C-alpha cells in the first residue's frame, strides 16, 4: 500500500568527523522522520568530509551523503595552514551550491569542521538553522555561529555561560538512539559468555580504544586487583585488541574482550558499572541506561572538554573521576570494584534513575522544537 504525502520538507544535517558529532545527527534525523509522520515526507541529506566517520559508514548511513573538502587549522606548525583561507572559501562556495540545488527548509549542525560553511551559508540565505552542541565546553564552530542561528541545543547546562544569545539557547541533554536502553540483560550476559552471578565492569574506550585505560586494566589483571566477584566486559578498541589480548593471556579467562560492538544496547545491559572516557555521547548513553561510571577524561581533547563533561557528571552524582596522570590509575580496577562491592555504584544508579524519571528524551525535545521552527518559517 503506497503512502500519500501532503507535504515534503527538505532538511540538511552538517556534522561529522567523529561518532560524537555524527550519531546525534542520525538520532535527530531518525526521530524527525518518525514525528513528521505519514502526512509529511522528510527528504534528508547529510554533509560531511572524506576524512570523517560519515564517509566510512556511508553505505549504512540511510541518508545521502554530500562531501565538502574542509579542514581546520593544524595545531602544530604546518605549511598546510597556508591553504586554510582558500579551503574556507572553497568549502563555503560548495555549501552555497548545495543549498541552492537542494533548497532545504532547515539546516542542522552537530559539530565538526563541516558544520561551519554549511551553517554560515544557510544563515546567509535566511534558511532556519540550528546547532546541537554536545560538550560542556562548546566548540569554536558553535561559539562563532550561535549569534547567527535560530536555535542552539546544549547537551550540558554548564555550557550556557558561553552564550549571550537569549531565548534561542535550550538545554536539552544529548540525543541518543531510542533503543540504546532497550537491551535485555540475560541475553547480553549470554551473548558475551559472562557469569550472571558476578558484577560486570564495562571497560569502554570508544571505537579506537583508550590506550591509557587499557594499560591500567591490564596492570590490574596481572596484579590480581579485580575481586573474584567481578568480571570484565572490555571493549579494547580495534587498534589495541591484538596487543591487549596477547598481553592479557590466560588472565583474560572468564572475561569478555572485544575490539568494537555495534549493538551497544547489549553492552550497556550487561554492565553494572563502566570505566570510560568522558565523551559527551558516551555519557549520554550511560545516563540513558542508568550505568554509573568511573571516568578517565581524555587529557588532549579540544578545550579540555572531556574534563568539563566529567566534572558536570560528577556534580550530578552519576560518576566518580580519576585523572589519567594520577598515580593511582594503575589501581583503577580495584577502585571500580570497590564502588560496586561497597554499594556506592548502586547509589549512583538510583541517583541516575531519579534524575531521569519522567524526563523527556533529548531527541524528542530537539525534534519537536525543530518541527516548530520549520512551521514558523
(request) Would you mind stating whether residue 174 is within 30 Å of residue 290 (Cα to Cα) and in a helix (DSSP H, G or I)? (result) no
(message) Scan the range 243-265 and tell me whether some residue there is buried (at least 24 other Cβ atoms within 10 Å of the Cβ), outside any strand (DSSP E or B) and within 16 Å of the chain's Cα centre (by Cα).
(response) no
(message) If I filter the range 129-150 for residues that are outside any loop (DSSP other than H, G, I, E, B), touching a residue at least 12 places away in the same chain (Cβ under 8 Å), within 17 Å of the chain's Cα centre (by Cα) and more than 21 Å from residue 18 (Cα to Cα), do I get at least one hit?
(response) no
(request) Quickly run through the range 129-142 and pick out the residues that are touching a strand residue (DSSP E or B) at 6+ places or on another chain (Cβ under 9 Å) and either farther than 20 Å from residue 106 by Cα or surrounded by fewer than 19 Cβ atoms within 10 Å (Cβ to Cβ) (or both). (result) 135, 136, 138, 139
(message) Can you tell me which of (1) surrounded by fewer than 20 Cβ atoms within 10 Å (Cβ to Cβ); (2) in contact with a helix residue (DSSP H, G or I) (Cβ under 7 Å, 6 or more places away or on another chain) is the one residue 200 doesn't meet?
(response) (1)
(request) Check 181, 188, 210, 271 and return the single one that is modelled with pLDDT under 95 and more than 24 Å from residue 137 (Cβ to Cβ). (result) 181
(request) Report, by residue number, each residue of the range 290-322 that is in contact with a strand residue (DSSP E or B) (Cβ under 9 Å, 6 or more places away or on another chain), under 19 Å from residue 176 (Cα atoms), part of a loop (DSSP other than H, G, I, E, B) and touching a residue at least 40 places away in the same chain (Cβ under 8 Å). (result) 291, 292
(request) Assess whether residue 65 counts as being over 19 Å from the mean Cα position of the chain (by Cα) and modelled with pLDDT under 95. (result) no
(message) Take the conditions under 16 Å from the mean Cα position of the chain (by Cα) and outside any loop (DSSP other than H, G, I, E, B) and apply them to residue 284. Does it pass?
(response) yes
(request) Go through the residues of the range 6-19 one by one and say whether even a single one is touching a strand residue (DSSP E or B) at 6+ places or on another chain (Cβ under 8 Å), at pLDDT 90 or above, crowded, with 18+ Cβ neighbours inside 10 Å and outside any strand (DSSP E or B). (result) no
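The values are calculated or read from the model by the stated rules, or taken from the named source; none is laboratory data. Quantities reported herein were computed from a predicted structural model and do not represent experimental measurements. In this analysis, Cβ positions are derived from the backbone assuming ideal geometry, glycine residues included, and neighbour counts consider all displayed protein chains.
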